[in-house]
Amino acid sequence: MSHESDRARSPFASLPNPPYYAVIFSNQRTSGDDGYGAMAARMVELAAEQPGFLGVESVRDAQGFGITVSYWASEEAIAAWRRDAEHLEAQRGGRERWYEHFELRVARVERARGFSA
């Protein structure tokens, strides 16, 4: 198996050296899917097509609490993603049916390091 295919299946985003930006989306899901799974997959696919998108990491627990961190090259790239028409529609769906609560935070990453055994 190649290193590239390992990376494609890794839950860790492969990122450049800082600085870059992290958009941290913490959320509590409503019960039931109601189209959420397809929308979430489409948003990751669409985000990956955007200029300045660097990667994404996402987790969700059994109680429906999740955190998704998307990484971006610039604040301008984040602003453009926020205005994307299909993303705007997903945001409406989130407020109307998919989330009980969410918090969105944007941070500039100045330092990063990791470990892999």
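Derivation of every value follows stated rules applied to the coordinates shown; laboratory data play no part. For clarity, every value in this text was computed on a predicted model and none was experimentally measured. Note that we place each Cβ from the backbone using ideal geometry, even for glycine, and neighbour counts take in every protein chain shown.
So how strong a dipole does the chain carry about its Cα centre when Lys and Arg Cβ are +1 and Asp and Glu Cβ are -1, to the nearest 20 debye?
280
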Taking the Cα atoms of the chain, what is the range of coordinates along each of the three principal axes, in descending order and whole Å? 39, 33, 23
Sum -39500 (n - 2.57) across every DSSP H segment of at least 4 residues in the chain, then divide by the residue count to get the 222 nm mean residue ellipticity, nearest 500. -9500 deg cm²/dmol
